[in-house]
Structure formats: C-alpha cells, structure tokens
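S.K.: One structure, pasted below without further comment.
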Amino acid sequence: MSSLAAGARSSAVWCSGKVFVLSSGSTSSLFVARFDMVKRILSDRTGLYAKVDPGPAILALLGMGLVFTEGEDWARHRRVVHPAFAMDKLKMMTGAMAACAAEVIRAWEARAASAAGGEVTVEVGEQFAELTADVISHTAFGSSYRQGKEVFLAQRELQVIAFTSIYNRSRVPGMRYAPTESNRRRWKLERKVRDTLMAVIDERLAAAKDAAGYGSDLLGLMLEANAGEDGKRLMSMDEIIDECKTFFFAGHETTSHLLTWAMFLLGTHPEWQQRLREEVLRECGDAEAPISADALSQLKQVTMVLYETLRLYGPVTLNARRATADAELCGVKVPKGTGLLIPYAILHRDEEVWGADAGEFNPLRFRDGVRRAAADPSALLSFSIGPRSCIGQDFAMLEAKATLALILRRFAFEVAPEYVHAPADFLTLQPLQGLPIVLKLLDPQERGI
Ligand code: HEM
C-alpha cells in the first residue's frame, strides 16, 4: 500500500500517474484524478471525507447554508430545502425563467433591428450575469422579487469585500473587527441583507396564518417544508436566511457561466447551432410561441450540448474534501487532516474513460443519456455526485434550456473576432475578457413564422 504520509514527510511531490501529493509548507494535499477514488470520496456518508473549512470571510458572507453544513445539521437542512427543487415545482417556475430571458432578448432584438444588417455585438457574459440574478430573485422570492434583487446586489458587494479581505487584511488577527471603511460598509450591508430577508419572511409567515399560504417560490416552498407536519419548525429563521443567501451564491454565477460557455461552443460550431435551432422550432414552436416546461423536456440535443459544455467548460473545475480520520483510499493510506483535491476539468478529459476524442466537442457522446456517455456511468462530475451533489441541477438545466431556446429562435450567432480565448478559474470558470458574440436577427421564415 502506498503511503501519503511518507511522501509528505520528505516534502517531495509523491507521484503515481493520476494521483499525487502536493506539499506546501506543513500541509499536504492529495490530488486525486482517478474515478474509483473520486467515487469513494464523494459518495461517503460516514463523515470520513468532509467539506473543507470555507474560512471566516466566506462563512460570514453565507452563514451555515446547505453548502457548508455537515452531519445531522446538513440532513435537516437538506430535508427542508429539497422539496423546493422537485421537478413539478420547478416546472411551475419555467414561466418566470422564460419571462426574464425574454426581456433580455427583446433588448438585443431592438439593438439588432436598429443596427446595419440586423447585426449587433453583445458581451453575453455580463448579460447572463444580470439574467441569472433576475431569475433567482424571481424564482426565490416571487412577488417579493424587488427585495430579493436588493439582497442580491448587497450580497454581490459583500462577496467582493470578502474575497478582497481573504487576500489581505483578514490574515491579520482581529482586523475583521476594526472599524475600517470596508468593515463599516460590510456591517451595513450585512444588516441590510438580514433585515430585508427577515421582513420578507415575516410577511410570508403572516400570509400563511391568514390561510394565503407561503407562496410557490423557493422561499415559500422552503417555509412550507420547514413548518413540518406537527407544526414544529425544523430550521430556525437565521438558518432560513442562510439558505436564501446560499441560493444566490451557489445558483447564480454557475448558471451564468454555463450559458456563456454554451454560447461559445455553439458560436464556434455552427452546424450544432443549426441542429439545435431546428429542434427548438420543432418542439417549442415559432419565435412567438410561449416556452413550456414540457416542450423543454423534449429538447434532447440542447440537453446533449449543455452536458458537453459542462464536461469541457464546467463552471466548477475543482472540488475538495478533507479526511477527518486516517483512511485507506483504494490502496493509498491517507492520514487524518489531508486535503483531497478533485480536478473535474482533468477527469472530464480522461481518454481512458471518455475515449480518444475526450478533448473534442462531441455532444453525440450523450445521445443515450448522461450515464452512457463514458466508460464510467458517473463520469460527468459537473454537479458532483453522491449525497452532496448539486440540489439545483434541474433548476440550472431548465433555466439554461429556456434561455438557449429563446435565443436560438431569434438569432444566428458567432463568436466575435475580438474574443480572446482565456478561460480563468475564479471560483468558477469564466472567460477572462468576457465573451463578445455577434448576433444576427433571423428573418421571419427562419424563425418559423
Ligand atoms: C450550472 C450550474 C451549477 C453547477 C455547475 C453547480 C455545481 C455544484 C457542485 C459541483 C456542487 C457540489 C459541491 C461539493 O460537492 O462540494 C453543488 C452543490 C450545491 N448547489 Fe449547485 N451548481 C449549479 C447550480 C445551482 C443552482 C441553480 C442552485 C440553487 C438555486 C445550486 C445550489 C446548490 C446547493 C445548495 C449545493 C449544496 C448541496 C449540498 O451540499 O447538499 N446550484 N453545485
């Protein structure tokens, strides 16, 4: 049996093909790019491989939402949040998703219609960031959407402050508590987020008492599940607030970048773009027809392209865990406390599992479904696997499908010549200099009208 400890002691990089040790000072991490090991780590339910401590700045930003809780607490949170993401509930949110996307697309259309040749260049990365923020504000908070958007904007600013502090002053003990300009701003924003969310929640609780119900948005569904059958609340109001913050954090940038990379791949593969357009016109109707959840579920080729986008340019490129006790991982001894790094981007290009064309864009590999696309049925890791896999994956796929369907019915597009291909990983994978796309209005016949 190989010993990670031996490698760590010598401070050397211990190497065995897809598995090696990275040593930095007194800490060693095991880099794991083998599917059998990854499955053992991610499917663990005993607490042996736990989440990595996010650090005080991120915790202050998000609180203990679903992403960071462990053990009993996690199971309790997941029980409350899970019903909100059931497919029948998500289907009811499709209208809100499509309405948000339609608003953005109408603005593109107006710009293209008044431009020479019906063509306009749009930086779609920024546009999708706005769009996904709107979608999560509407679907999480329904009629309280305006307050939701305010919370979102405050959270976004807090995120910038948190990341800036990680790289400088937060390393000086106690600096988080000093009344610096940035800390005062942070405290003000934190109060605003809490007060706004508390007011929305109080409104909902009052409405439920008046028999108006909690509402069919994510917050309402969560509050309903939280009430429990015997009326005993499973989660405190502070925990509900942390979950609301988590929706924004976990669900916004990820989906925005998925859309951006899908546009990049379709913009550079016109034959696939046309195939998808034909499928959308066939299943969803012409450019004026409303988009329904049932029609979206028929979009097989759009789904294949989204999976292939997740494989090649998945927004989450790396996952991490830590061993909470000495462990034996597929023949490797892992001492307690070792960090485990799981490089999705590398695993998604493993030729032994994905085939010789692993580096190529080939959505056809998903034609028989996601579990038959590679030699290993769990090879697509973009939403993770096991008990901690993404609770919002159906939500994200539905939102991405609705948005792409609306775009494909109205525009033909290509990547603008000034685009610089520089994928960069800032927590999520994004094009460093954005993604300018040239959109060309389709004529009525091409839109199926
Ligand atoms: C393309 C879009 C998305 C991607 C690629 C993505 C990816 C992931 C991944 C990889 C994890 C697992 C993290 C880990 O194992 O440590 C995760 C967890 C999670 N995601 Fe997503 N996500 C996406 C969209 C969303 C959306 C739209 C929401 C909610 C609105 C969401 C909410 C969550 C939550 C709450 C968790 C924690 C689940 C748990 O630990 O029980 N995600 N996501």
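S.K.: Using the Cα gyration tensor of segment 226-384, with a ≥ b ≥ c the square roots of its eigenvalues, what is the shape: rounded (a/c below 1.5), prolate (a/b larger than b/c) or oblate (neither)?
M.R.: Details: a/c = 2.37, a/b = 1.21, b/c = 1.96.
Oblate is the answer for segment 226-384, as a/c is 1.5 or above yet b/c matches or exceeds a/b.
S.K.: Can you tally the net charge around residue 320? Count Lys and Arg as +1, Asp and Glu as -1, for every other residue whose Cβ sits under 12 Å from the Cβ of residue 320. Let's see the in-between values first.
M.R.: Values: positive: 51, 321, 322, 388; negative: 53.
Residues near residue 320 contribute +3 overall.
S.K.: Give me the one-decimal Kirkwood hydrodynamic radius in Å for segment 57-127, with the sum taken over alpha-carbon pairs.
M.R.: Values: mean 1/r = 0.0620 Å⁻¹.
The answer is 16.1 Å.
S.K.: Another one. Assuming a ≥ b ≥ c are the square roots of the Cα gyration tensor eigenvalues, decide whether segment 78-203 counts as rounded (a/c under 1.5), prolate (otherwise, with a/b larger than b/c) or oblate. Write down the numbers at each step before the final one.
M.R.: Values: a/c = 2.56, a/b = 1.41, b/c = 1.82.
Because a/c hits 1.5 or more and a/b fails to exceed b/c, segment 78-203 counts as oblate.
S.K.: Rounded to whole Å and sorted largest first, list the principal axis extents of the Cα atoms in segment 326-425.
M.R.: Cα spread of segment 326-425 along its principal axes, largest to smallest: 56, 29, 28 Å.
S.K.: A follow-up question, please. What is the extension gain from residue 297 to residue 393, computed as 0.36 nm multiplied by their sequence separation minus the C-alpha to C-alpha distance, in nm to one decimal?
M.R.: Answer, rounded to one decimal: 33.1 nm.
S.K.: Work out how much length residue 87 to residue 237 would gain on full extension: take 0.36 nm times their residue separation and subtract the Cα-Cα distance, in nm to one decimal. Intermediate values should be presented prior to the final figure.
M.R.: Numbers: separation 150, 0.36 × 150 = 54.00 nm, distance 2.56 nm.
In short, 51.4 nm is gained.
S.K.: Can you check what the net charge comes to around residue 269, using other residues whose Cβ is under 15 Å from the Cβ of residue 269 (Lys, Arg +1; Asp, Glu -1)? Walk me through the numbers before you get to the answer.
M.R.: Working: positive: 275, 277, 311, 365; negative: 271, 278, 279, 308, 357, 360, 414.
Net charge in that neighbourhood comes out at -3.
S.K.: Under a plain spin-label model, where a point goes 7 Å from the Cα along Cα-to-Cβ, how far apart in nm are residue 289 and residue 368?
M.R.: 3.1
S.K.: Shape verdict for segment 175-282, please, from the Cα gyration tensor: rounded (a/c under 1.5), prolate (a/b greater than b/c) or oblate.
M.R.: Values: a/c = 3.49, a/b = 1.43, b/c = 2.43.
Oblate shape, in that a/c is at least 1.5 and b/c is the bigger or equal ratio.
S.K.: Stokes-Einstein diffusion coefficient for the chain at 37 °C in a medium of 0.692 mPa s, Rh from the Kirkwood formula over Cα pairs: what value in µm²/s? List each step's numbers first, then the result.
M.R.: Values: Rh = 23.6 Å.
Reported coefficient: 139 µm²/s.
S.K.: Stokes-Einstein D for segment 88-152 at 20 °C, 1.002 mPa s, Kirkwood Rh over Cα pairs, in µm²/s? Each step should come with its number before you reach the end.
M.R.: Numbers: Rh = 13.0 Å.
D, rounded to a whole number, is 165 µm²/s.
S.K.: Tally Lys and Arg at +1 and Asp and Glu at -1 over the other residues with C-beta under 15 Å from the C-beta of residue 17: what net charge comes out?
M.R.: Details: positive: 18, 34, 349; negative: 36, 350, 351, 352.
Neighbourhood net charge equals -1.
S.K.: Next question, about the same structure. Segment 388-449: percent of C-alpha pairs farther apart than 17 Å? If you can, show how the numbers build up before the last one.
M.R.: Numbers: 1173 of 1891 pairs.
Of all Cα-Cα distances in segment 388-449, 62 percent exceed 17 Å.
S.K.: Quick one: with all protein chains in place, what share of the accessible area of segment 65-187 is carbon or sulfur, to the nearest percent (1.4 Å probe)? Can you show the working numbers first?
M.R.: Numbers: 3460 of 6160 Å².
That share works out to 56 percent.
The values are calculated or read from the model by the stated rules, or taken from the named source; none is laboratory data. Source: prediction; values computed, not measured. Cβ coordinates were reconstructed from backbone atoms using ideal geometry, including for glycine residues, and neighbour counts include every protein chain displayed. For the accessible areas, the whole protein counts, side chains as well, though only heavy atoms, and no ligand, DNA or RNA atoms are used. Shrake-Rupley method; radii C 1.70, N 1.55, O 1.52, S 1.80 Å.
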